[in-house]
1. For the range 285-306, how many residues are closer than 23 Å to Pro525 by Cα and outside any helix (DSSP H, G or I)?
2. Quick check, is Gln273 modelled with pLDDT of 95 or more, surrounded by fewer than 16 Cβ atoms within 10 Å (Cβ to Cβ) and within 30 Å of Pro555 (Cβ to Cβ)?
3. Looking at the range 427-436, is at least one residue under 18 Å from Glu484 (Cβ atoms), part of a loop (DSSP other than H, G, I, E, B) and of a type outside the set (Val, Ile, Thr)?
4. Provide a single number: the residues in the range 75-97 that are among the hydrophobic types (A, V, I, L, M, F, W, C) and within 29 Å of Ala253 (Cα to Cα).
5. Which one is surrounded by the fewest Cβ atoms within 10 Å (Cβ to Cβ), of the residues in the range 67-87 that are assigned to a helix (DSSP H, G or I) and out of contact with any Leu (no Cβ under 6 Å at 6 or more places or on another chain)?
6. Take the range 335-362 and flag every residue that is of a type in the set (Ser, Thr, Tyr) and either at pLDDT 95 or above or outside the structural domain of Lys522 (by TED's automatic domain parsing) (or both).
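The values are calculated or read from the model by the stated rules, or taken from the named source; none is laboratory data. Since this is a predicted model, take the numbers as computed values, not measurements. Cβ atoms come from the backbone with ideal geometry, glycine included; neighbour counts cover every protein chain shown.
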Amino acid sequence: MRKLKLLLVAASLISLLSACEPKPEPPTPVIDTSVEPTDAKQAAYNTEVNKLIDELYMAQLERSPEMLTILGIKQDYDKWDDRSEEYAAQTQLLYQEHLRRVQDIDSSELVGETALSYQLFKQYLQDEIDDYKWRYHSYPVEQMDGLQSHVPSLLINQHTVTSEEDALAYVARLYGVPGLFEQLLAQLKKREELDIIIPKFIIPLVISDSQSLLTGVPFEEADQDSTLFADFKTKLLALDLDDEREQKLLDAAALALTEHVAPAYEKLIAYLQQLENKADNHAGVWKLPDGAQFYQSTLHFHTSTDLTAEQIHEIGLQEVARIHTEMRQVMLKTGFTGSLREFFQFMREDPRFYYPNTDEGRAAYLQEATALIDNMKSRLDELFITQPKADLKVKAVEPFREKTAGKAFYEAPSLDGSRPGTYYANLYQMSNMPSYQMEGLAYHEGIPGHHMQLAIAQELESLPLFRRLGDYTAYIEGWGLYSELLPKEIGLYQDPYSDFGRLAMELWRAARLVVDTGLHEKRWPRERAIAYLAENTPNALNDAERAIDRYVVMPGQATSYKIGMIKLLELREKAKQALGEKFDIKAFHDVILTHGALPLNVLETQVDSFIEQNQK
């Protein structure tokens, strides 16, 4: 299952996208989600279909203990997902059976949101079935979300401990790591046979992640506890158990870590050291079997369009040029008289734009990021009708993965509201987190970005669960990038340096279109892609290096941001032109946010329906 996964600005891109479109497919049917059943019989049938979709989806979720934990459901809380070949084959059969059951539905009797749910669920199942042939075209260990870091991340961030049973389940998961890693090694060896091997330059990052977990108590005599032992101890002590029971659980965790977790990671490290001798430094997936076809499938998945790699590359080049022009205008407002490239260098080097690389500097960054989000919360009524109930917190990326993780990301709240949404800021090197980009990052990852979008989606209790957890990348990341621009339209980014930071972040996403397609389609070496980012953006060199390594292991994902934003701006302008004085930005945002995540073509049909309803 795939991971439950301005007018002037828009004008040139709308025409460019239109020029780039391949031969159009049959139009997506417009579904008016406001339509209600005409009689009791139809209403009952629609209710029955919604229940069936939820039943089928829950049957899939229940096969993933890890996903249940992420959702805050304490079922199979002591288990890891099954990553065996047998499980993958069984899952494929399950999808096929579910698709057959969905195809038996009389879709002519479906209306409103149920009709849309049917359309989306059927396509979701078909996509999963079609993607089975690409099941080996991935890197199970990598620096972004490889299994070596996923294990501690899930235990620390999602495995809550509110009872002794939860603590026992935590220990059981520690004991289960060797079995999990045996399946991981089997998957890695299968890919090795197929010559699907992670690039050589990524392997040291994975090894470093793994080794960092094996330092501190109980692995060695040290002043500090190891990452996992510290987490377990903190959670256990909060239970206020009697001293004897508490000590027994601590001892059990220590034993599991030293006798089970450590050997599993050491075995993985040894294998990766051997694999490093066989790996090459080719960065793109073009090197994989049927690599070109696979890359096009990732672009289709992440953008929900049929744009080719060449078309996306060209959009990127044009967007980089446009944003450079806007940056020069902002640069003049600061009084800087040199070239844009000289201004980039100035922004990289002037200490006024960076917090100290100290604990105090990190604390100050988190405090300011929280203040920005709090201020934006006070402005939401200007832009939104529906707002999330779940809270949002700002947190630094944990030490065990901060060396290799991305600079910022968002984690959705649990379904039951017991865990808030989280905006993670990577503060490992403060030189990678300039203050002039702080506003844009907070708006993208927090409010009005991913938290508005994903928390609201989870709270749409009238929709089937699969829609509340939908993962259409261009919709999700397109909204995140759109959310960086939106605050400017209500008067924020008053500091020209901060506005330059907003443009710098948009530029980064435009440049991604160039380098992602460069790496995976045009066979650029890693060094050329890094040089492109370093020469065309104000970001630090090590920021560019880390970003390129991300695009290497997540082909196509980075293209979703700009393609999604372009489409959102196009749809907003379409609605503005059609509705004139009747256009309401808050009502438009409600259309975008209150149907869950959608493919871009389906999102457009919802906006078309919104326009039609408001023209009456």
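1. Step one: of the range 285-306, the residues closer than 23 Å to Pro525 by Cα are 285-299, 302.
Filter once more, so that each one left must be outside any helix (DSSP H, G or I): 288-290.
Of the residues in the range 285-306, 3 are closer than 23 Å to Pro525 by Cα and outside any helix (DSSP H, G or I).
2. Values: modelled with pLDDT of 95 or more: yes; surrounded by fewer than 16 Cβ atoms within 10 Å (Cβ to Cβ): yes; within 30 Å of Pro555 (Cβ to Cβ): yes.
In short, yes.
3. yes
4. Adding up the residues that qualify gives 1.
5. Taking the range 67-87 first, the residues assigned to a helix (DSSP H, G or I) are 67-70, 85-87.
From what's left, out of contact with any Leu (no Cβ under 6 Å at 6 or more places or on another chain): 68-70, 85-87.
On the way: Leu68: 21, Thr69: 24, Ile70: 21, Glu85: 12, Glu86: 8, Tyr87: 13.
Step by step, filter the range 67-87, then rank; the result is Glu86.
6. Keep residues of the range 335-362 that are of a type in the set (Ser, Thr, Tyr), which gives 337, 339, 354-355, 358.
If the condition is that a residue be of a type in the set (Ser, Thr, Tyr) and either at pLDDT 95 or above or outside the structural domain of Lys522 (by TED's automatic domain parsing) (or both), then Ser339, Tyr354, Tyr355, Thr358 are the ones that fit.
Matching residues to (1) buried (at least 20 other Cβ atoms within 10 Å of the Cβ); (2) within 27 Å of His300 (Cβ to Cβ); (3) in contact with a helix residue (DSSP H, G or I) (Cβ under 7 Å, 6 or more places away or on another chain); (4) of a type in the set (Lys, Arg):
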position: Val515; (1), (2), (3), (4): yes, yes, yes, no
position: Asn536; (1), (2), (3), (4): yes, yes, yes, no
position: Val552; (1), (2), (3), (4): yes, yes, yes, no
position: Lys562; (1), (2), (3), (4): yes, yes, yes, yes
position: Arg572; (1), (2), (3), (4): yes, yes, yes, yes
position: Ala575; (1), (2), (3), (4): yes, yes, yes, no
position: Gly580; (1), (2), (3), (4): no, no, no, no
position: Phe583; (1), (2), (3), (4): no, no, yes, no
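Residues are listed down the side, and each one gets a yes or a no for (1) closer than 29 Å to Asp549 by Cα; (2) surrounded by fewer than 21 Cβ atoms within 10 Å (Cβ to Cβ):
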position: Phe409; (1), (2): yes, yes
position: Leu415; (1), (2): no, yes
position: Ser418; (1), (2): no, yes
position: Ser431; (1), (2): yes, yes
position: Tyr436; (1), (2): yes, no
position: Glu439; (1), (2): yes, no
position: His451; (1), (2): yes, no
position: Ala455; (1), (2): no, no
